[in-house]
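So that we are looking at the same thing, I have put the structure below in structure tokens.
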Amino acid sequence: MKLSCAFAPGSETPEHIRIAESLGYEFAWVYDTPALCADVWVALARAADRTTRIGLGPGVLIPSLRHPMVTAAAIAALVAEVGEDRVAIGVGSGFTGRFTMGQRPLRWSAVGDYVDFYSSLEHATNLGRLFRPGAEPLLPNWRHLPVGYHGRAGTVVVSGTPILRPCGQA
């Protein structure tokens with residue numbers, strides 16, 4: 001059996017994730033609710049410094065809370081720190097995260113559009129130019145990237161990567 005855990009981001013979260021890794025958990029999700037908790041990306045970066053095996057990712061990322069380039073840079077930094085085999089990104093409508101700021105959750109069509117944007121040729125090419133200056137902007141396997149929508153969350157993963165979901169997702 002593979003187990004995942006989820007945490008609200010805070011000063012103790014990186015240590016809790018380190019403990020979860022020592023207990024054999026496979027993946028640690030960190031909530032993206034900035035009106036209630038600390039920053040998800042700070043917690044994930046600090047957890048990356050303390051762990052060597054456990055998977056890390058926001059569960060779930062709320063598309064409307066940050067500019068897409070800020071999110072892309074945060075994802076790229078986490079992948080650079082721990083490797084793409086340890087990173088997964090759950091994307092959701094922001095029911096709790098937006099509600100606490102007096103906003104309704106995003107429509108699922110907007111979540112799908114966000115995932116489409118992150119996996120679009122234009123976006124991937126622009127990011128490749130930013131993060132790999134002087135090199136080919138698209139990696140050779142980019143055109144084979146599968147994109148799927150699974151109920152309440154969209155997940156983009158490299159082909160062959162098992163998809164992990166936070167508990168409670170439909």
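The values are calculated or read from the model by the stated rules, or taken from the named source; none is laboratory data. This is a predicted model, so every value here is computed, not measured. The area values use the complete protein model at the heavy-atom level, side chains included, leaving out ligands, DNA and RNA. Shrake-Rupley method; radii C 1.70, N 1.55, O 1.52, S 1.80 Å.
Rank these residues by their accessible area, most exposed first, probe 1.4 Å: TYR31, TYR114.
Order by accessible area, largest first: TYR31, TYR114.
Which value, in Å², gives the accessible area per residue of segment 15-112 when a 1.4 Å probe is used on the protein heavy atoms?
Computed with neighbouring chains in place, this is 48 Å² per residue.
Amide H neighbours of CYS5 under 5 Å, at least 5 residues apart or on other chains, H built in the peptide plane: list them.
PHE27, ALA28, TRP29
Mind grabbing the accessible area of SER11 for me, 1.4 Å probe, Å², rounded to tens?
Answer for SER11: close to 80 Å² accessible.
Over the heavy atoms of LEU3, what accessible area does a 1.4 Å probe trace out, to the nearest 10 Å²?
80 Å²
Work out from phi, with θ = phi - 60° and the Karplus expression 6.51 cos²θ - 1.76 cosθ + 1.60, the ³J(HN,Hα) of each residue of segment 88-94, listed in order in whole Hz, and give x for Gly and Pro.
9, 10, x, 10, x, 7, x
Tell me whether segment 1-80 comes out rounded, prolate or oblate; compute the Cα gyration tensor, take square roots of the eigenvalues as a ≥ b ≥ c, and use a/c under 1.5 as the rounded threshold.
prolate
Pull up all non-local amide H partners of ASP32: gap of 5 or more, or a different chain, and H-to-H distance under 5 Å with H placed in the peptide plane.
GLY59, VAL60
If each residue of separation counts as 0.36 nm, what is the full-extension length gain between MET1 and ARG104 once their alpha-carbon separation is subtracted?
33.5 nm
In segment 1-126, what percent of the accessible surface is made up of carbon and sulfur (1.4 Å probe, ligands and nucleic acids excluded)?
Here it works out to 57 percent.
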